[in-house]
Amino acid sequence: MTSKKGDNTAPDLSIKDLPSEKERSIVEPVLEKSFEGWYLWHSKRTLKDIETVKAALIGDEPVGVSMLKMLNTKLGYVYYIAVSPEWRGKGIAGELLDTSDEFFFNKGANEVLAGISEDNEESKRLFSSRSYKEISFAELSKRFGRLHAINLYRKMVIVSGEVVYTKELTKGLAGSILTEEVEREKTNS
Ligand SMILES: CC(C)(COP(=O)(O)OP(=O)(O)OC[C@H]1O[C@@H](n2cnc3c(N)ncnc32)[C@H](O)[C@@H]1OP(=O)(O)O)[C@@H](O)C(=O)NCCC(=O)NCCS
């Protein structure tokens, strides 16, 4: 799927699915410019085998990437999101995150989680701008049960120094992210 964004963000921005490993290699430079050390190694490995990868393109140039997966039938997870340094601050990650919320909503998720380094202010601002809120392990345990929360942390590969953010995909929020497909389903039912 390729969707053209016609708003006031970066010009000619489109978001495209990258289903195959070969296609995914086009966003490796974005990862190389965005991460280092363990995160770079892990993001490149994740790129190869994660369920869903979306690229942000300006014309034909890959400038951003998101890696997404369902943790269970109701819970989405934003594994990685990155934009090349020269394209930051133009709303590209915001567009990727809006597309990600829409993707998870259409998959039937009612909540999305993300793991964020405690000292990553840009990332915190990005997720906060889309109404994500920090959730502690204690709160997650209270909601899902301790064992389930441990299991979620394991699936999300939350490492020391990271915090978890969450956003509920409620009907109110979903209203703004309903796709034509879902609207059609609703009309037909
Ligand atoms: C985090 C990151 C993806 C943000 O990308 P971006 O394209 O610059 O973000 P956007 O321009 O879409 O900004 C999104 C929101 O965050 C805010 N924001 C992002 N970076 C900001 C900054 N440096 N200063 C102020 N606000 C910032 C913007 O105000 C915007 O909110 P708005 O839509 O309400 O205006 C980018 O900095 C990056 O790739 N960092 C390295 C990789 C990383 O750490 N990824 C996140 C964890 S996996």
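The values are calculated or read from the model by the stated rules, or taken from the named source; none is laboratory data. Since we're looking at a predicted model, the values are computed, not measured. A quick note on method: Cβ atoms are made from the backbone with ideal geometry, for glycine too, and the neighbour counts reach across all protein chains shown.
Couple of notes before you dig in:
- Only one entry in Leu147, Leu152 is at pLDDT 95 or above and under 14 Å from Tyr77 (Cα atoms), namely Leu152.
- Within segment 50-83, the only residue that satisfies the criterion of being of a type in the set (Ser, Thr, Tyr) and part of a loop (DSSP other than H, G, I, E, B) is Thr73.
- Residue-level analysis places Leu126 among those that are of a type outside the set (Phe, Trp, Tyr), in contact with a helix residue (DSSP H, G or I) (Cβ under 6 Å, 6 or more places away or on another chain) and under 26 Å from Glu28 (Cα atoms).
- Residue match in segment 136-147 (condition: over 22 Å from Arg24 (Cβ atoms), under 12 Å from the mean Cα position of the chain (by Cα) and aromatic (Phe, Trp, Tyr)): no
- Of all residues in segment 140-160, exactly one satisfies the criterion of being touching a residue at least 60 places away in the same chain (Cβ under 8 Å) and charged (D, E, K, R), namely Lys155.
- Number of positions in segment 148-158 that are part of a loop (DSSP other than H, G, I, E, B) and touching a helix residue (DSSP H, G or I) at 6+ places or on another chain (Cβ under 8 Å): 1
- Per the listing Gly76, Gly94, Gly108, Gly115, the residue uniquely more than 8 Å from the ligand (Cβ to nearest atom) and either among the β-branched types (Val, Ile, Thr) or touching a helix residue (DSSP H, G or I) at 6+ places or on another chain (Cβ under 9 Å) (or both) is Gly76.
- Any hit, segment 37-49, residues being crowded, with 22+ Cβ neighbours inside 10 Å, part of a helix (DSSP H, G or I), in contact (Cβ under 8 Å) with a residue 60 or more places away in the chain and within 13 Å of the ligand (Cβ to nearest atom): no
- Criterion: under 19 Å from Tyr153 (Cβ atoms) and of a type in the set (Gly, Ala, Ser) - qualifying residue of Gly108, Gly76: Gly76
- Test: residue in segment 54-66 that is closer than 29 Å to Glu168 by Cβ, surrounded by fewer than 16 Cβ atoms within 10 Å (Cβ to Cβ) and free of Cβ contacts under 8 Å to residues at least 12 places away in the same chain: no
- Exactly one residue among Glu86, Glu139 is outside any strand (DSSP E or B), modelled with pLDDT of 95 or more, within 15 Å of the ligand (Cβ to nearest atom) and of a type in the set (Asp, Glu), and that residue is Glu86.
- Residue list for segment 96-135, filter: of a type in the set (D, E, K, R) and buried (at least 21 other Cβ atoms within 10 Å of the Cβ): Asp101
- Close pairs from segment 111-139: first under 21 Å from Pro85 (Cβ atoms), partner away from the ligand (no atom under 14 Å from the Cβ) and not charged (D, E, K, R), Cβ under 9 Å, at least 6 apart: Ala114/Thr166
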